[in-house]
Amino acid sequence: MGKIELTYAWSESRVRCLRECAWKYYLTYFCAWEGWLTSAPQEKRRAYTLKQMTNLPMWVGSIVHNIIEDVITTGRQTGKWKTLEQAQHDGVQALRKGWKQSTDKRWQGSPKKNINLAEHFYQEEVDKDRLGSFKQKVLVSLKAFYEMPLFKVLQSLKKDDWLTLEDFQKFQLNTGEEVAVKIDCGFRYNGKVYLLDWKTGRVSDSVIDQLTTYSMYAMKQGWAKKPEDIIIIPIYLAAYAELGERATPHLDVTIQHMKRQAGIIRSEYPLLTKAFENKDNPSYFVKTDNEHACTRCFFRDMCPGAKTEVQEGETPF
Ligand code: SF4
């Protein structure tokens, strides 16, 4: 395999990281780069290890994503769909294995392949009830996946109806900006393009901006000719038992949504370009003045924390 090039593309999470703390952005995207090499300097290897860290809410979300992806992949390939009980068993096993990887510090040998929980690394107290609620969230979310009408739709799809499943993709705006997307699940059904996004967190109204980017990608790919042919569904798995169909709102994306989102991407892109141009200049990246951001930052171990004074020039005051 050839050398992997360090590049950048717009994504909502990337811009959010840069805005939260530029120093954290530097550690995540530049300092950690090639930190997987045994010959890399210690600082890079440390940044790479801390970059792979997760925490209980994020980890539970990724377990649910992984199990659903596995259920769909197996179902598509073999025509046999795992039962809910099998999926829940897999979910609990993933919790047990990951927990052991984290407590046994197996990530020290292989940070990418083993779970390293911030709660263990930073020795935070997690009470038993909270741990029980995480297991419950995995079980309830998977149950919701099997019970919602969309599951039957997925089972009925033919090979050619499938468009994407958890793939990282990039596309370019017509003005040249690179955009990264990862669509959880995309398929054709009844003449429409469906794009699904599994969510294990709280119901939020702000997802339309994030999901509009998916429909821009769908149009670029030629999956749909007009926005009205695309249906985007954020699926709030953990809330399904309580909200029923309201936990799977069908969002209509309009051309106005797309224009607005393209405008946001164009206006934020220079921040990423400037950061990339300064990737070898650590002093360009200032620490946040938001001490609260540091309390949950995975890089606390190699960073003394926020600089609380706001410098002249950062605001008009
Ligand atoms: S600990 Fe605070 S200042 Fe340091 S990288 Fe994290 S968020 Fe930024």
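The values are calculated or read from the model by the stated rules, or taken from the named source; none is laboratory data. The structure displayed is predicted, hence computed values, not measured ones. We place every Cβ from the backbone using ideal geometry, glycine too, and count neighbours over all the protein chains shown. To get the accessible areas, we keep the full protein, side chains included, count just its heavy atoms, and leave off ligands, DNA and RNA. Shrake-Rupley method; radii C 1.70, N 1.55, O 1.52, S 1.80 Å.
Worth pointing out:
- For the peptides 50-61, 101-112, the ranking by mean Cβ contacts within 10 Å, running from highest to lowest, is 50-61, 101-112.
- Sequence-distant lysines (8 or more away, or on other chains) whose Cα lies within less than 17 Å of residue 170: 182, 220
- Size of electric dipole in segment 202-317: Cβ of Lys, Arg +1 and of Asp, Glu -1, about Cα centre, debye, nearest 20: 360 debye
- A full extension of the chain between residue 152 and residue 112 corresponds to an added length of 10.9 nm, given 0.36 nm per residue minus the alpha carbon distance.
- Summed over qualifying helices (DSSP H, 4 residues or more, each -39500 (n - 2.57)) and divided by its residue number, the chain shows a 222 nm mean residue ellipticity of -14000 deg cm²/dmol.
- Environment charge at residue 222 (Cβ cut-off 13 Å; Lys +1, Arg +1, Asp -1, Glu -1): +3
- Set 51/128; 135/287; 112/226; 158/225; 199/226; 24/225 screened for pairs whose C-alpha atoms are more than 31 Å apart: 135/287; 112/226; 24/225
- For residue 162, solvent-accessible area (1.4 Å; no DNA, RNA or ligand), Å²: 30 Å²
- What you get for segment 98-175, charging only the Cβ of Lys and Arg (+1) and of Asp and Glu (-1), is a dipole of about 260 debye around the Cα centre.
- Cα centroid separation, segment 30-61 to segment 202-255: 32 Å.
- Shape class of the chain from the Cα gyration tensor (axes a ≥ b ≥ c, square roots of the eigenvalues): oblate, since a/c reaches 1.5 or more and a/b does not exceed b/c.
- For the chain, a crude dipole built from +1 on the beta carbon of Lys and Arg and -1 on the beta carbon of Asp and Glu, taken about the Cα centre, is about 860 debye to the nearest 20.
- With all protein chains in place and a 1.4 Å probe, the accessible surface of the chain carries 50 percent carbon and sulfur.
- For the chain, the per residue solvent-accessible surface stands at 56 Å², with DNA, RNA and ligands left out and a 1.4 Å probe.
- Net length available on complete extension from residue 308 to residue 100 is 71.1 nm, with 0.36 nm assigned per residue and the Cα-Cα distance removed.
- DSSP bridge pairs, the chain: antiparallel proportion in percent, nearest 5: 65 percent
- Dipole axis of the chain (+1 Lys, Arg; -1 Asp, Glu on Cβ), positive-most option in 101, 212, 286: 101
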